[in-house]
1. For I208, which sequence-distant residues (separation of 5 or more, or a different chain) have an amide H within less than 5 Å of its own amide H, given hydrogens modelled in the peptide plane?
2. For labels at L221 and K199 in the simple 7 Å Cα→Cβ model, what's the distance in nm?
3. Can you tell me the equivalent ellipsoid semi-axes for segment 168-208? Use √(5λ) from the Cα gyration tensor, largest first, whole Å.
4. How do F96, F198 line up, fewest other C-beta atoms within 10 Å first?
5. Could you give the spread of the C-alpha atoms of segment 3-105 along their three principal axes, from largest to smallest, in whole angstroms?
6. Write out the GluC sites (Glu not before Pro) in segment 141-235 meeting two conditions: DSSP loop, and at most 10 other Cβ atoms within 10 Å of their Cβ.
7. Want the number for F144 to V169: 0.36 nm per residue separation, take away the alpha-carbon distance, what's left?
8. Give a residue-ordered list of calculated ³J(HN,Hα) values for segment 207-221 (Karplus: 6.51 cos²θ - 1.76 cosθ + 1.60, θ = phi - 60°; whole Hz; x for Gly, Pro).
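What follows is calculated from the coordinates using simple rules that are stated; it is not laboratory data. Quantities reported herein were computed from a predicted structural model and do not represent experimental measurements. Every residue, glycine as well, gets a Cβ built from its backbone with ideal geometry; the counts of neighbours run over all protein chains shown.
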Amino acid sequence: LSPPALGMFNIAGKATSSPAENYLLARRRTLQVVVSALLTESGFESAEKAAVETLTEMLQSYITEIGRCAKAYCEHTARSVPTLSDTVVTLIEMGFNVDTLPIYAKRSQRMVITAPPVTNAPVTPKALSAGQKRTHPAHIPSHFPEFPDPHTYIKTPTFREPVSDYQVVREKAATQRRDVERALTRFIAKTGETQSLFKDDITTFPLIAAQPSTIPYLSALLPSELELQALEETDSSEQDDQTDGENTAGNAITDDPGADKENSMLPPSGVVPSTKASEDNVIDNPYLRPVKKPKVRRKK
């Protein structure tokens, strides 16, 4: 390959707008030029694009592994910047003969490649800027990591106190309730049947269509949830009182030393009530039940 022909190994593609993509693309093109020069030094006159891509990927992986191992050796010795000794140890660990590097650098048939255009590394934008960033004090070395962004540890003062006035809170709650009802009404009007106030324009002031019921008086006869809940609470409180009274009477009979053990368990009439008769007396229909006065609990 001649130097003018090295351009055929450049990546063909559209220009990217992202700075990070431009940076990676420029680095990849430089590696392809280096691979093309090495092929020319080895005596090749032409090469397929797939072969050049494979060699470029191998070279990039090799350089990446050298950098990763050198960084690991550097951090192992409590340093943050790798030195030449870290790179030498890395090459020896990877099985490379370091003594051949000076001879290879002074070879006569090497090709000189022009320096690639300077591309700045992509800068990560700051998530939030708040306050002034702190610098290291005098007793902390400069190679230590920098302080995090101020928004991660400073406090943000609130200049507006939360509104706790009763009138304002009630107005806000009423406004939110009205907005919710309006939104729900619009949703039902859009998804279901509607009626209009004007015969000519159906879309103006849509109203939810009234659905007639087959038995209109049924809703008035059926008890509401609040009434059923009150009845259940009343029944449960009366059952608790009845149970407490039976337990008290049973304890009084049991504590009598002169009474017989068997007769003490019987009611005063001497007849054991049957469970079936008590079950028949329970009325399931709430409209046929006798009126029960709700129990008023006194405050202690």
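1. Those lying under 5 Å, H to H, from I208 are Q195.
2. 3.9 nm
3. Semi-axis lengths for segment 168-208 are 28, 11, 5 Å.
4. F198, F96
5. For segment 3-105, the Cα spread along each principal axis is 44, 38, 19 Å.
6. Passing both the DSSP loop test and the Cβ count: E146.
7. Extra length available between F144 and V169 comes to 3.8 nm.
8. Listing the rounded values in order: 10, 5, 5, 6, 9, x, 9, 5, 10, x, 7, 5, 5, 6, 7 Hz.
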